[in-house]
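The values are calculated or read from the model by the stated rules, or taken from the named source; none is laboratory data. Note that the coordinates shown come from a computational prediction; the quantities given were computed from them, not determined experimentally. Heads up, the Cβs are rebuilt from the backbone with ideal geometry, glycines too, and the neighbour counts pull from every protein chain shown. Just so you know, the surface numbers come from the protein's heavy atoms only, side chains and all, with ligands and any DNA or RNA stripped out. Shrake-Rupley method; radii C 1.70, N 1.55, O 1.52, S 1.80 Å.
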Amino acid sequence: MKYTMIIKQYVMAYRADENEIKRLLPPGFESLRPVLRINVECFDGDDDWGYIEFNTPVAAEGKRGWLNIVSWLEKPDYMHLEFTPTGKAGGCPHEADNDGCFYWDYNTGHYGFLEAEVIDAEKECADCSLDWELPPANAFFDDDERIRSFIKLPVEEILGAYVVEFDRELEQDDDVIGAEDGAEQ
């Protein structure tokens with residue numbers, strides 16, 4: 001049985017040290033741009049942050065997309081992120097250069113790939129601020145030092161942010177949040 005979920009998505013991207021991003025990538029991934037991105041989703045009109053991804057644009061296996069560095073099921077205390085919609089139309093200049101998302105599949109012990117979701121809704125530019133505190137050691141299930149190293153990379157410049165609201169069609173048994181993808185709790 002299919003049903004529709006209303007998604008409100010907040011997205012921001014920032015420039016970080018390209019050499020450090022390349023150094024921190026797992027084998028087999030090539031950095032496309034010196035960018036880190038945070039993608040926040042709120043579900044069914046609720047303004048509570050229901051799912052958060054931290055990722056970077058990569059190429060691997062003949063595909064171009066986002067490498068999910070880590071995800072959370074709620075906003076962590078060490079992430080200070082705010083969005084203020086501006087009322088102006090906006091979006092991402094690299095949106096067409098995206099086949100999907102690479103994520104760590106804990107069931108197989110390998111990276112999986114999800115094809116990009118088509119979002120036709122109009123995006124609204126947002127002002128955004130981000131400040132990280134260093135997470136405590138062992139804050140993550142696996143790959144703790146690599147994830148902490150990505151978070152430690154200084155924000156060189158916020159490149160852009162937007163907000164978009166859209167409908168997502170799901171099957172009744174779909175895993176809405178994707179905890180099997182290694183979302184931190």
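Residues that are open to solvent by 80 Å² or more (accessible area, probe 1.4 Å), over 13 Å from Tyr10 (Cα atoms), out of contact with any Pro (no Cβ under 9 Å at 6 or more places or on another chain) and touching a residue at least 60 places away in the same chain (Cβ under 8 Å) do not occur anywhere in the stretch 117-129.
I need every pair where a residue in the stretch 76-101 that is closer than 21 Å to Glu124 by Cβ has its Cβ under 7 Å from the Cβ of a residue that is open to solvent by 70 Å² or more (accessible area, probe 1.4 Å), sequence separation at least 6 or different chains. Pairs that qualify, where the first residue is closer than 21 Å to Glu124 by Cβ and the partner is open to solvent by 70 Å² or more (accessible area, probe 1.4 Å), are Thr84/Asp127; Thr86/Asp127; Ala89/Glu122; Asn98/Arg64. For the stretch 109-139, taking the residues that are touching a Gly at 6+ places or on another chain (Cβ under 9 Å) and not in a strand (DSSP E or B), the one that is farthest from Val70 (Cα to Cα) is identified as Glu122. Met5 meets each of the listed conditions (1) part of a loop (DSSP other than H, G, I, E, B); (2) under 28 Å from Leu170 (Cα atoms) apart from (1). Contact annotation: no residue pair with Cβ atoms under 9 Å, 6 or more positions apart or on different chains, pairs a residue in the stretch 151-172 that is free of Cβ contacts under 8 Å to residues at least 60 places away in the same chain with a partner that is part of a loop (DSSP other than H, G, I, E, B) and of a type in the set (D, E, K, R).
Just give me the residues in the stretch 78-93 being closer than 20 Å to Ile52 by Cα and either in a loop (DSSP other than H, G, I, E, B) or out of contact with any strand residue (DSSP E or B) (no Cβ under 8 Å at 6 or more places or on another chain) (or both), in sequence order. Within the stretch 78-93, Tyr78, Gly91, Cys92 meet the criteria.
Quick one: is Ile6 at pLDDT below 95, of a type in the set (A, V, I, L, M, F, W, C) and surrounded by fewer than 18 Cβ atoms within 10 Å (Cβ to Cβ)? The answer is yes for Ile6. Within the stretch 140-161, the residues that satisfy the criterion of being assigned to a loop (DSSP other than H, G, I, E, B) and either in contact with a Pro (Cβ under 8 Å, 6 or more places away or on another chain) or among the charged types (D, E, K, R) (or both) are Asp142, Asp143, Glu156. Starting from the stretch 41-52, keep only residues that are among the acidic types (Asp, Glu), then list their pairs with residues that are crowded, with 18+ Cβ neighbours inside 10 Å whose Cβ atoms are within a distance under 6 Å, requiring at least 6 positions of separation or different chains. Within 6 Å, the pairs are Glu41/Ile7; Glu41/Gln9; Glu41/Gly50; Glu41/Tyr51. Could you tell me whether the stretch 106-114 includes any residue that is touching a strand residue (DSSP E or B) at 6+ places or on another chain (Cβ under 9 Å), closer than 15 Å to Pro26 by Cβ and small (Gly, Ala, Ser)? Yes. Filtered by the rule that a residue be open to solvent by 40 Å² or more (accessible area, probe 1.4 Å), assigned to a helix (DSSP H, G or I) and in contact with a helix residue (DSSP H, G or I) (Cβ under 9 Å, 6 or more places away or on another chain), the stretch 13-68 gives Glu20, Arg23. Which condition number does Thr84 fail, the rest of (1) in contact with a Lys or Arg (Cβ under 9 Å, 6 or more places away or on another chain); (2) modelled with pLDDT of 90 or more being met? Among (1) in contact with a Lys or Arg (Cβ under 9 Å, 6 or more places away or on another chain); (2) modelled with pLDDT of 90 or more, Thr84 violates only (1).
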